[in-house]
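Peer 1: This is the structure I have questions about; it appears just below.
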Amino acid sequence: MEHFSIVQALCRAAMADASPAIRKQIERLRDALAKDGEAKQSAGLASILTSTDRTKELSPSRIERSKAQTPGEALTRNTPVPVDRETAAALADIIFPSDIQSAAPLFDATVTGAVETIIEEWENFDALAEIDIRPSKTCLIYGAPGTGKTRLALWMARQLDLPVVLVKLDGLVSSFLGTTARNIGNLFTFVNRYRCVLLLDEFDAIAKVRDDPQEVGEIKRVVNALLQNLDVRRDIGFTIGITNHEKLLDPAVWRRFEVQLEIPKPDFGMRQAIAAHFMPPIKAPDVHLRLLAWFTEGSTGAEIESLVRTYKKATTVRDEDKRGLLDTLRQFATLNAGRVQSDRRALLFDEPANLFRAMRDDPVLGFSLTDIGEVAGKDKSTVSRQLGRTPKSGENEVVNG
């Protein structure tokens, strides 16, 4: 192979922190070279793979050292999951790190920094132990639906290289009301035996205020059982609770979580970044991304992803059927009225001059006449006439009056 020395150097650099996918491709290249009679070059790649394995054996990662400090047995894909005695229904799903997306979820700098702190604590387990401090082992993640809470929890588990025992508590309650407390006990017995992340999704379904007069005595007993089991697990593994309705949680539940992480709805900059993240393979102009971010004020990441899908569909149909950006936004607002702020929706269906004026005058969007013309499919002069003024020669900047 020509320039094999460069290929070899690239493989060596890639293997320094290789994902399973990268390693697989290098193994394929090694085998292909051997098949083509390039024995020396194939052996060179084999040497890189073997050397990397030995290095990892001699120098375990900080996460591996942290896992060694975590008591419990290793979960495997053959480990039986606890079930309800009456129905034989599984009480949890097991998700392994290799089944979780490797890409980090998109959040603002504050949330990202907070999550990195949790991961760093686990990576430095030994150093903290020397000063008699342990990493945070309980985390409550709360915020509006669609803000990425569950995805974040799964990604954290992947970073810790621990399998997830995922429990949706609303299903547990609605299906097994008479035996919920017993099932909770069985679940905690299971997760306390193995090294894992316990993920309690839809946490508010069980952890409601105990003195709520609308709740039956069974639920009160269930909450007490849950609190007792959380106390027992506190020093055993990593537990994450997720809720969309934090106000429903019993105050005693809040005290069980060392970290209480709120996931806010994304601001303008993050909405633009989220739209750009979901846009490939379509290449959207920056002015389009800015308008999508402006249009989705108050939206969650999931709602922005939905709008981007609509945008991508509109840009890939037959040329004569292609919708302009504003028409695409109107279509989305019509089909998703509850997901779009009323003032943004009203502007879309208002007179063009009022919409153009709002885009021009908004200090965050900061559209010029040229920008407005691009998203509206009009030239700058037409936009200016609809705004009731004539643009100055060469005007491309934001017009303020």
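Only the coordinates and a few stated rules stand behind these numbers; no lab work does. Since we're looking at a predicted model, the values are computed, not measured. Neighbour counts are summed over all protein chains in view; Cβ atoms, including those assigned to glycine, are modelled from backbone coordinates with ideal geometry.
Peer 1: Can you list residues from other chains, or at least 5 along the same chain, whose modelled amide H is less than 5 Å from the amide H of Tyr194?
Peer 2: When sequence neighbours closer than 5 places are left aside, the close amide H contacts are Glu73.
Peer 1: Another question, then. Set the Förster radius R0 to 51 Å, insert the Cβ-Cβ distance between Ile22 and Arg385 as r into 1/(1 + (r/R0)^6), and round the FRET efficiency to 0.05.
Peer 2: 0.35
Peer 1: Decide, for the range 268-387, between rounded, prolate and oblate: order the square roots of the alpha carbon gyration tensor eigenvalues as a ≥ b ≥ c, take rounded if a/c falls under 1.5, and otherwise choose prolate if a/b is larger than b/c, else oblate.
Peer 2: rounded
Peer 1: Work out how much length Asp267 to Ala252 would gain on full extension: take 0.36 nm times their residue separation and subtract the Cα-Cα distance, in nm to one decimal.
Peer 2: The Asp267-Ala252 span can extend by a further 2.2 nm.
Peer 1: With a 10 Å Cβ neighbour count serving as the proxy for reagent exposure, in which order, fewest first, do Arg360, Arg330 appear?
Peer 2: Fewest-to-most ranking of Arg360, Arg330: Arg330, Arg360.
Peer 1: Determine the alpha carbon to alpha carbon distance for each of Lys149/Lys220; Lys149/Lys283; Lys149/Lys247; Lys149/Lys265 and list only those over 20 Å.
Peer 2: Lys149/Lys220; Lys149/Lys283
Peer 1: Under a Cβ-Cβ cut-off of 11 Å, what is the net charge of the residues other than Thr189 that fall near it, where Lys and Arg count +1 and Asp and Glu count -1?
Peer 2: Computed value for this residue: +3.
Peer 1: Which value, in debye to the nearest 20, describes the size of the charge dipole of the range 73-263 about its Cα centre when Lys and Arg Cβ atoms bear +1, Asp and Glu Cβ atoms bear -1, and nothing else is charged?
Peer 2: The dipole magnitude comes to about 540 debye.
Peer 1: Pull up all non-local amide H partners of Val340: gap of 5 or more, or a different chain, and H-to-H distance under 5 Å with H placed in the peptide plane.
Peer 2: none
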